[in-house]
Amino acid sequence: MLSKPRIGAICYFVSELTRTEAFYRDVLGLNVQRMEDDEAGAWLMAKIEDEVELIFFVAESKPGNTPIVVFDLAEGGIDDVVGGLAEKGTTIVTPVSHAPGGWSAEFADPDGHVLSLYQSAEMPRLKRAANA
């Protein structure tokens with residue numbers, strides 16, 4: 001289902017970007033970048049070892065709801081992967097939707113832990129159609 005799985009990002013929902021930026025930059029010493037997207041608004045990104053990104057979005061959340069591990073689909077095909085997960089009885093929490101620079105979807109494991117998929121907008125959403 002996930003060919004060549006790689007964790008691309010760990011996503012946190014936070015209540016305040018400036019406070020979060022100061023903590024991760026000034027306390028932890030990470031290189032934090034403030035980003036902007038027309039649909040998502042302002043958000044933060046910090047790259048850590050092995051090019052894994054810590055991403056911070058402002059959203060209502062309770063402790064324990066985040067972070068969310070994000071699998072990077074480097075070859076695209078997010079619609080195929082989500083469809084395959086649904087066929088196997090996986091609960092799709094958020095269908096494929098716009099994310100900064102691409103597409104994302106969230107699904108739950110058997111205990112209800114949310115995991116996410118992300119692919120660049122440059123890659124095809126349907127690999128089966130692209131390969132046909």
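Structure above, values below:
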item: Breaking point among (1) closer than 18 Å to Arg125 by Cβ; (2) within 13 Å of the chain's Cα centre (by Cα), for Leu54; result: (1)
item: Considering residues of the stretch 114-127 that are closer than 26 Å to Gly41 by Cβ and not in a strand (DSSP E or B) only, the residue nearest to the chain's Cα centre (by Cα); result: Ala121
item: Residues of the stretch 62-83 satisfying the condition of being outside any loop (DSSP other than H, G, I, E, B) and farther than 14 Å from Asp109 by Cα; result: Asp72, Ile78, Asp79, Asp80, Val81, Gly83
item: Answer from Ile92, Ile68 - the residue that is aliphatic (A, V, I, L, M) and either open to solvent by 70 Å² or more (accessible area, probe 1.4 Å) or touching a Cys at 6+ places or on another chain (Cβ under 8 Å) (or both); result: Ile68
item: Those residues of the stretch 31-50 which are modelled with pLDDT under 85 and either part of a loop (DSSP other than H, G, I, E, B) or aliphatic (A, V, I, L, M) (or both), in sequence order; result: Asp38, Glu39, Ala40, Ile48
item: Those residues of the stretch 36-61 which are open to solvent by 30 Å² or more (accessible area, probe 1.4 Å) and within 15 Å of Phe13 (Cα to Cα), in sequence order; result: Ala40, Ala42, Glu53, Phe57, Val58, Ala59, Glu60, Ser61
item: Unique residue being free of Cβ contacts under 8 Å to residues at least 24 places away in the same chain, under 30 Å from Val32 (Cα atoms) and either assigned to a strand (DSSP E or B) or open to solvent by 40 Å² or more (accessible area, probe 1.4 Å) (or both) when the list is Ser104, Ser97; result: Ser97
item: Residue count, the stretch 1-30 (criterion: within 22 Å of Gly83 (Cβ to Cβ), modelled with pLDDT of 85 or more and hydroxyl-bearing (Ser, Thr, Tyr)); result: 0
item: All positions within the stretch 74-89 that are under 13 Å from the mean Cα position of the chain (by Cα) and open to solvent by less than 20 Å² (accessible area, probe 1.4 Å); result: Ile78
item: Subset of the stretch 2-34 (residues that are in contact (Cβ under 8 Å) with a residue 40 or more places away in the chain, out of contact with any Pro (no Cβ under 7 Å at 6 or more places or on another chain) and surrounded by 12 or more Cβ atoms within 10 Å (Cβ to Cβ)); result: Leu2, Arg6, Ile7, Gly8, Ala9, Phe13, Val14, Leu17
item: Residue within the stretch 108-117 that is open to solvent by less than 30 Å² (accessible area, probe 1.4 Å) and touching an Asp or Glu at 6+ places or on another chain (Cβ under 9 Å) present; result: yes
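The values are calculated or read from the model by the stated rules, or taken from the named source; none is laboratory data. Just so it is clear, the structure is predicted and the values come from calculations on it, not from any experiment. Neighbour counts run over all protein chains shown; Cβ positions are idealised from the backbone, glycine included. The area values use the complete protein model at the heavy-atom level, side chains included, leaving out ligands, DNA and RNA. Shrake-Rupley method; radii C 1.70, N 1.55, O 1.52, S 1.80 Å.
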